[in-house]
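Read through the structure below, which is laid out as structure tokens, and then see the notes.
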Amino acid sequence: MQTLITVIEQIERELMISQDQLTAIAKKFKTAMEDSLADKDKTLKMLPSFLSVPTGRETGQFLAIDFGGTNVRVLSAQLAGKGQATITAQSSRPLKAADGSYNHIAATATAEQLFDFIAAQVAALVPDTAIYPLGHTFSFPAKQLGLNEAYLMHWTKEIATAGVENQDINQLLAAALARRQLSHVRPQVVLNDTVGTLLTSAYSDTHTDIGSICGTGHNTAYVEAAVPGFAAPMVINIESGNFNQLPFTRYDDQLDAASEQPGAQRLEKMTSGRYVGELLQIIVLELLAQGLFTNQPAALTNVFQQPAIFNGADVACLLADETTELTDIAAWLERRFTLTDTAISERQVLKRAAAAITLRSARLIAATFIGILLRIDPTLSRPHTIAVDGSLYEKMPGYAAAIEQALAQVFPQPAFPLTTRLTKDGSGLGAAIAVASAVAAR
Ligand code: GLC
């Protein structure tokens, strides 16, 4: 007979990424990178950033915009040289109001509304009419033709604002700044958040050659030695979230089919904070439909079939409960969904499904890091630092450790340190560092 526990064991097996799979996925990822560099297959976009790694000696005060899709953050950063970068002022606002009063990321919103909202944030941080150089972290696939010319190829992370795709992001921003009488704010560089994270870590740690975001979205950048026509090694935004040679389950297919852009961003949809809650919901609803929750199925169905019931923070809450009776989860279910009297087996299943989803996420992402290392230094003949920012990496219990364990399985005793490191505020600080190095290079 199928019971809740036997079925969850089965699901755990389906979501497990074995060591063999880890290596196989890494090799496929490396090949996909190389196919893209050779213009054979562009599943991985491998977008040039026109930026090299900083020296750590860049100095100055710079403005930065960090636009990632959930919030827009504007900050002022002080670079003191010697690898020291600090945020001196900042403000952040959600792109979609919790009370529904505005939503700049829906298909009904326009490019002007979105960029006017960003410009208003900039205005709040600029006290006078002095010249302010600005770096713009724009965390979407953008085809870059120069440091400050980047066209949005298509939205990701379920954003749908009209009139931005195929446009020059910098021009949209410059026009909005002009409408706000902010022409003295001078955007100089557009960059991806993964690139910013890499630069921020490299500013103080010269071994950094990979930068990644494990947050609402997922993507990685790395330093490519041989970019034709560019003298120094260049940071490349892989747009790895679009990788698709992966062991999809029916849950992944169901999520993909219901998403804004079916077929796109398959790795991101298996790994990132925007989607892990949705995967959990799909699994829970399947178990309910199979009649495996017997305690109070009607009450559970009522709650769990509401759209987008779990977010990444909910998944983190489930994992954080270390009590034997899972009393924290019981309290959380009551607080969050007014669900009382849940059975311990139900709470166990929720936690185990959440754990299986996040462990898979960490191991798939580690596989791509291994793929990059196979491309840039397969024998690990020098130290490497992988800089990571984002809510999953920072806050999901066990997540960072799972990435490290997966790396250690494939590279058990590297001769030189292979380090993964949380790089907080990498996307914002990286924009300031990018401007500083662009100014220094002129
Ligand atoms: C999405 C975007 C990518 C970004 C990532 C993390 O994958 O396409 O550009 O780096 O999210 O924010």
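Between SER101 and ALA415, the modelled labels are 6.2 nm apart [label points 7 Å from Cα along Cα→Cβ]. When the Cα positions of ALA150, TYR102, GLN171 are compared along the charge dipole of segment 41-176, ALA150 comes out farthest toward the positive end, with charges on each C-beta of Lys, Arg, Asp and Glu.
Here the residues VAL235, VAL122, ranked from fewest to most Cβ neighbours within 10 Å of their Cβ, fall in the order VAL122, VAL235.
Cβ-Cβ distance of THR6 and LYS395, R₀ of 41 Å, FRET efficiency by 1/(1 + (r/R0)^6): the value works out to about 0.85. The lysines within cross-link reach of LYS96, meaning a Cα-to-Cα straight distance under 20 Å and a gap of 8 or more places when in the same chain, are LYS157. Compared with the dominant principal axis of the Cα atoms in the chain, helix 399-410 is inclined by about 90°. Here is the list for segment 253-315: GluC sites (Glu not before Pro) lying in DSSP coil, each with at most 16 other C-beta atoms within 10 angstrom of its C-beta, are GLU260. Here segment 285-442 is treated as an ellipsoid with the same Cα gyration tensor; its semi-axes, largest first and in whole Å, are 40, 20, 13. Among the lysines, which have Cα under 22 Å from the Cα of LYS27 when same-chain residues fewer than 8 positions away are ignored? In chain and number order, the partners are LYS40, LYS42, LYS45, LYS269. A simple spin-label model places the labels of THR206 and ASP39 3.6 nm from each other, with each point 7 Å out along Cα-to-Cβ. Partner lysines whose Cα lies under 17 Å from the Cα of LYS424, excluding those fewer than 8 positions away in the same chain, are identified as LYS395. In segment 251-298, the C-alpha radius of gyration followed by the widest Cα-Cα span (Dmax) gives 12.6, 38 angstrom. Annotation: the residues SER381, SER259, sorted from fewest to most other C-beta atoms within 10 Å of their own C-beta, follow the order SER381, SER259. Distance between the pseudo-spin-label points of SER91 and GLU260 (7 Å out from Cα toward the beta carbon): 2.5 nm. For segment 20-150, averaging the sequence separation of C-alpha pairs within contact (under 8 Å, six or more residues apart) and dividing by the residue count gives a relative contact order of 24 percent.
Inverting the pair-averaged 1/r between distinct Cα atoms of segment 60-129 gives 13.3 Å as its Kirkwood hydrodynamic radius. Among the trypsin sites (Lys or Arg not before Pro) found in segment 1-74, those both in a DSSP coil and sparsely packed, with 11 or fewer other Cβ atoms within 10 Å of their Cβ, are LYS40.
Taking GluC sites (Glu not before Pro) across segment 315-369, the ones in a DSSP loop with at most 11 further Cβ atoms lying within 10 angstrom of their Cβ are GLU322, GLU325.
Dividing the Cα radius of gyration of segment 278-345 by 2.2 N^0.38 Å, with N the residue count, gives 1.06. When the P(r) of segment 1-128 is calculated, the portion above 27 Å amounts to 58% of the C-alpha pairs. Normalised radius of gyration (Cα atoms, divided by 2.2 N^0.38 Å) for segment 99-250: 1.15.
Structural size metrics of the chain, computed from C-alpha coordinates, are Rg and Dmax of 22.2, 74 Å. Rounded to the nearest 5, the antiparallel percentage of DSSP beta bridges internal to the chain is 60%.
Every read-out reported here was derived from the displayed coordinates using simple, explicitly stated rules and does not represent laboratory data. Being a predicted model, the structure only gives us computed values, none of them experimental. So basically every Cβ, Gly included, is an ideal-geometry build from the backbone, and we count neighbours across all protein chains shown.
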